[in-house]
Each structure stands twice: as structure tokens, then as C-alpha cells.
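The values are calculated or read from the model by the stated rules, or taken from the named source; none is laboratory data. Nothing here was measured: the structure is a model prediction, and the numbers come from that model. Here Cβ is always computed from backbone atoms with ideal geometry, including for glycine, and neighbour counts include all displayed protein chains. Just the protein is used for accessible areas: all its heavy atoms, side chains included, with ligands, DNA and RNA removed. Shrake-Rupley method; radii C 1.70, N 1.55, O 1.52, S 1.80 Å.
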Amino acid sequence: MKLSTKILNFKIFKKVEEDLKNPKTKYPYCIGIDGATATGKTILSKILKERIEKKFKIKTEIFQLDSLLKNRLFREKQVSILKKNKQKFFYEAEEHMNFDKIKKLINKIKDLKLSKIKSNYVTLKNLYSREKNGSCTDQKTFDLSQVIVFEGHYTSQNLISDYLNLNIILFANRNEILKRKITRSEKYRNS
């Protein structure tokens, strides 16, 4: 999928730039990018990060909500149980996510925005890793004196959305999404 940097000319991204120019803006400045699978969330997050860092010299972190996935073996087992019981499985269910992993980060953002703390760093552990065969062994440290882009499903959940300065939701044609998803995951999943 090719996403042009021209998308950053949309009014919503001009709002981000206005906010980042404003000396009264409190950090971390948090942006959500949500949408169905294969709508371009990851690509847009990277384009936005590059623009903010280049134009405003503000370090920007991307937090991929896929990091909250439970390990692949657990999820595969859950899907096989659903199939065995002839239950329909239309969406990547929230039961496949571990939202407790993000609470430490969200609480720190909340405290910073309320000026309750001075420490700007938080480390999250046991994050999901596609590169490590779906295990939950990654960790990531965030500097909260900057911009954080939350990329992935569920940015509209109150746990996350309550602390976003802006939430962007992407839409795409269903057939196009399916085609992209099959192409993207054909190496580790059957169609």
C-alpha cells in the first residue's frame, strides 16, 4: 500500500501542527490512529512521526497496540475452541488483548498531564513480538516529554482515548482490506 505524505495536508494534521507550535501544549502530546486491519495505520504513524521530528524537532514514539496481544499460541487455541463450538469469529476479539500492560503507561501520562509527577520515563515489559514467534518477551521504554502515537485497534477505548489529544480513525474498502491482509500475513498464516 502506498500512502502519500500529501495526507498530512488534511485539516486534522494541520491541527496537530498548530498544537505543537503552541507553547502551552502539555506533553506528552498523544495521538491515536485507529482503524480496521490493513487500513494504513502503521504507514500513517511512520509518516506522521517523520514529519513531527523533522519539522518540529520533537522526538516521537509510536506505541503499536499489537504489543498488547496475548501470545500467539493462546490466541490460536482460543480460535480453535470457537471453531470447534461452531461460534462465529468476525473480529480480532478484545479477549486476545492484555490491556493491563498499557495501564502503567496511561497512568503515567495521566499524572504528567495533571502535573503530579516529574519523571518522564516508563518501561513496559512482556510486550508481544511478531518477530519472536508471537511470544510476549519484548520491552519498550517511553520518554513522555514528547509526542506519542498510539497505533492500532482500540484507541477509542476510554482507557486510551481519555488521554489522547487527537484520535484519527482510518477507513478503507472491505475487499481492499482483505486483499492487503492476505498479502501481508501470507508468510505466517494461511488465507
Which one is nearest to residue 50 (Cα to Cα) among residues in the range 144-162 that are out of contact with any Leu (no Cβ under 7 Å at 6 or more places or on another chain) and open to solvent by 30 Å² or more (accessible area, probe 1.4 Å)? 145
With the requirement that a residue be within 20 Å of the chain's Cα centre (by Cα) and on the phi > 0 side of the Ramachandran plot, what does the range 13-61 give you? 35, 38, 40
Does residue 13 meet the test of being of a type outside the set (S, T, N, Q), modelled with pLDDT under 90, in a helix (DSSP H, G or I) and under 21 Å from residue 157 (Cβ atoms)? no
Condition test on residue 88, is it on the phi < 0 side of the Ramachandran plot and part of a helix (DSSP H, G or I)? no
Can you tell me which residues in the range 29-45 are under 16 Å from residue 149 (Cα atoms), touching a helix residue (DSSP H, G or I) at 6+ places or on another chain (Cβ under 6 Å) and modelled with pLDDT under 95? 35
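Hey, could you check the range 163-191 for residues that are open to solvent by 100 Å² or more (accessible area, probe 1.4 Å) and under 18 Å from the mean Cα position of the chain (by Cα) and say which is modelled with the highest pLDDT?
Applying the filter and picking the extreme gives 171.
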Would it be correct to say that residue 116 is more than 30 Å from residue 79 (Cβ to Cβ), open to solvent by 10 Å² or more (accessible area, probe 1.4 Å), in a loop (DSSP other than H, G, I, E, B) and at pLDDT below 90? yes
In the set 65, 48, 105, which member is open to solvent by less than 50 Å² (accessible area, probe 1.4 Å), at pLDDT 90 or above and in contact with a Gly (Cβ under 7 Å, 6 or more places away or on another chain)? 65
List pairs: first residue in the range 132-147 and at positive phi, second residue surrounded by fewer than 17 Cβ atoms within 10 Å (Cβ to Cβ) and aliphatic (A, V, I, L, M) anywhere in the structure, Cβ distance under 8 angstrom, at least six positions apart or on different chains. 134/73
